[in-house]
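Below you'll find the structure, written out as structure tokens, and then a few comments.
The values are calculated or read from the model by the stated rules, or taken from the named source; none is laboratory data. Everything numeric in this text was worked out from a predicted model, so none of it was measured. Here the Cβ positions follow ideal geometry from the backbone for every residue, glycine too, while neighbour counts run over all protein chains shown. With ligands, DNA and RNA removed, areas are computed over all heavy atoms of the protein, side chains included. Shrake-Rupley method; radii C 1.70, N 1.55, O 1.52, S 1.80 Å.
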Amino acid sequence: MFPGHDYLYYIPIGLQAFCVFHSLKNGTQQKWIWIIVFLPVIGSLVYIYQEILNNRRISAPKIDVGAVLNPGGKLKKLEDQVRFTDTFANRMQLADAYLNSGFTDKAIEIYKTSLTGAFAENEHALMQLMVAYSKQESYAEVLPLAKKVYKLPQFIRSRAHIAYAEALEHTGNITQAEEEYKAMKGRYSYFEQRYQYGLFLVRQERYEDAEKIFEAMLEEQPHLSQMERKSSRLWFAKAKEELKRVQSAT
């Protein structure tokens with residue numbers, strides 16, 4: 001029908017095959033497989049944007065050199081910013097900076113006092129508050145917050161989800177905690193979550209299961225792009241270190 005252009009027929013098929021393979025490799029097939037199959041072109045383009053382009057932007061954060069060299073200077077700047085322009089966005093920036101700098105009590109205070117009025121159910125403040133409470137080992141405080149954000153699509157990949165799993169474990173809900181860790185698993189992704197799952201298994205004295213988690217992470221490392229390896233190198237280093245401990249203990 002289109003002489004010389006038969007190859008155009010294979011482009012959507014190739015795009016679809018690539019997306020299906022990538023989805024299976026990364027453990028996202030439950031969410032995407034039917035969309036890719038029944039909406040070949042549109043579904044594939046949406047998948048590439050959501051799962052590949054967005055993830056790469058997220059995995060390559062900009063580094064604030066000034067904050068690294070002088071963290072106190074950044075905090076002072078943010079404190080002054082809130083003092084002169086007390087907006088919700090400015091308070092969140094300050095609270096996040098406090099949390100990342102180890103001033104957990106100060107971060108909690110800002111998150112809590114900011115969850116009022118139009119921002120009473122703000123997901124960023126709620127999930128960051130969960131992380132802060134987990135760092136403080138106030139696990140009972142994490143659980144009611146999780147109910148408010150659990151169904152949000154961004155929750156499953158968040159550090160708040162790890163905080164929730166940890167809270168379940170430390171409040172005696174071991175089986176449910178493991179279910180949450182399993183929900184965060186995925187090949188060639190979720191490396192922080194999988195590392196934490198491995199630590200959970202170590203704490204339960206399930207050393208062989210933990211060993212499999214750490215080994216799988218390290219086996220996948222060479223197959224990632226340079227950017228992906230760089231963004232997760234901390235978790236590969238930790239997994240390697242923990243694997244040695246597990247193997248020496250068994």
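Laid out as a table, the results:
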| read-out | value |
| --- | --- |
| Filter result for the condition that a residue is under 18 Å from the mean Cα position of the chain (by Cα) and among the basic types (K, R), over R233, R206 | R233 |
| Members of the range 186-230 found to be open to solvent by less than 30 Å² (accessible area, probe 1.4 Å) and acidic (D, E), listed by number | E220 |
| E179 being modelled with pLDDT of 95 or more, acidic (D, E), out of contact with any strand residue (DSSP E or B) (no Cβ under 7 Å at 6 or more places or on another chain) and open to solvent by less than 80 Å² (accessible area, probe 1.4 Å) | no |
| Checking N173 against (1) open to solvent by 30 Å² or more (accessible area, probe 1.4 Å); (2) farther than 30 Å from F119 by Cα; (3) in the same structural domain as Q226 (by the TED database), the condition it does not meet | (3) |
| Counted residues, the range 182-221 - those being touching a Phe, Trp or Tyr at 6+ places or on another chain (Cβ under 8 Å) and not in a helix (DSSP H, G or I) | 2 |
| Checking A249 against (1) more than 17 Å from the chain's Cα centre (by Cα); (2) hydrophobic (A, V, I, L, M, F, W, C); (3) surrounded by 17 or more Cβ atoms within 10 Å (Cβ to Cβ); (4) at pLDDT below 95, the condition it does not meet | (3) |
| Hits in the range 114-123 - residues which are in a helix (DSSP H, G or I) and in contact (Cβ under 8 Å) with a residue 12 or more places away in the chain | S114, F119, E123 |
| Filtered residue count, the range 99-118, keeping only those that are open to solvent by less than 20 Å² (accessible area, probe 1.4 Å) and under 23 Å from the mean Cα position of the chain (by Cα) | 4 |
| Odd one out for R83 among (1) loosely packed, with under 11 Cβ neighbours inside 10 Å; (2) modelled with pLDDT under 75; (3) in a helix (DSSP H, G or I) | (2) |
